[in-house]
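In what follows, a structure is listed as structure tokens, so that the remarks can point back to it.
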Amino acid sequence: MDDARTVRLRDDSDDDETEAPPGTPVIFLDIHDVLCLSDPFGGHFAVRAITHKHSRTNQVYRHLFHPPAVAALRAVHVQMEGRVRYVISTTWRLHMNRNHMGEVMRLGGLDFVAGSLEQKSRWRTVSWPNQSRLQEVIAWLKRHGTGRPFVVIDDSCSGASLVTASNARSGPFAGRVVLCQQEVGLLPEHVEKVVAALGRQFEGWPEGA
């Protein structure tokens, strides 16, 4: 594995991966309390590590992500045979570019996520003042998501705005939201719901909605 200090961190627009085929499923992925429980290291440490401002970089990457949560997400990826792309919705996206994020994932044992991030500016939801997580996801889907199955994996705190939408019996988010418990993260029992959501077509919002 290359040392992070020797890796050239490219700009978001400098991508060399293959574009996803039309209809490729999308996972909107939060990190805090989903994959990272901040025990002992959280997002602040990840930012410092990837920008070479932490003296224990390798230790940060080794303990950044919760192994059971990583295993659960990997199970989803395997069941989908790798035919999925990830869009990062966590607040970490405000402090890293696409290639920073990819390197953090790769060095932290989430290489399958790093290799399947959405391209260019689509790799993350856009953060707007006073916008909720639900509104940020909707904005991405309206612009890029027509015809692409999706699921939102978040935690019960940052994803609070998703609760009503996920509990609705019908509508775009019905059956497409997985909210992880704080300090617990993604669990094996979440895998089936995530895979089921990714197997359901999403046609997009009705015109004018």
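The values are calculated or read from the model by the stated rules, or taken from the named source; none is laboratory data. Values in this document were obtained by computation on a predicted structure and should not be read as measured data. In this analysis, Cβ positions are derived from the backbone assuming ideal geometry, glycine residues included, and neighbour counts consider all displayed protein chains.
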Query - Selection from segment 174-189 of residues that are modelled with pLDDT under 95 and either of a type in the set (A, V, I, L, M) or under 14 Å from Ile27 (Cβ atoms) (or both) - result: Ala174
Report task. Would you list the helices (runs of 4 or more DSSP H) that sit entirely within segment 47-127 and hold 2 or more residues that are at pLDDT below 95 and among the hydrophobic types (A, V, I, L, M, F, W, C)? Result -> none
Query - Conditions (1) of a type in the set (A, V, I, L, M, F, W, C); (2) touching a strand residue (DSSP E or B) at 6+ places or on another chain (Cβ under 8 Å); (3) within 27 Å of Ser38 (Cβ to Cβ); number of the one not met by Leu141 - result: (3)
Query raised in the report: If you take the residues in segment 88-138 that are within 22 Å of Ala160 (Cα to Cα) and of a type in the set (Lys, Arg), which one is surrounded by the fewest Cβ atoms within 10 Å (Cβ to Cβ)?
Result: Arg93
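Can you go through Val151, Val184, Val137 and tell me which one is in contact (Cβ under 8 Å) with a residue 60 or more places away in the chain and assigned to a strand (DSSP E or B)? Spell out how you get there, then give the answer.
Working: Val184 fails: assigned to a strand (DSSP E or B); Val137 fails: assigned to a strand (DSSP E or B).
None of the others qualify; the one that does is Val151.
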Report task. Might you check whether a residue that is out of contact with any Asp or Glu (no Cβ under 6 Å at 6 or more places or on another chain) and more than 28 Å from Leu37 (Cβ to Cβ) occurs anywhere in segment 173-185? Result -> yes
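To keep it simple, each residue is scored yes or no on (1) under 18 Å from Arg83 (Cα atoms); (2) exposed (fewer than 13 other Cβ atoms within 10 Å of the Cβ).
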residue: Cys157; (1), (2): no, no
residue: Ala160; (1), (2): no, no
residue: Arg169; (1), (2): no, yes
residue: Arg176; (1), (2): yes, no
residue: Val184; (1), (2): no, no
residue: Glu192; (1), (2): yes, yes
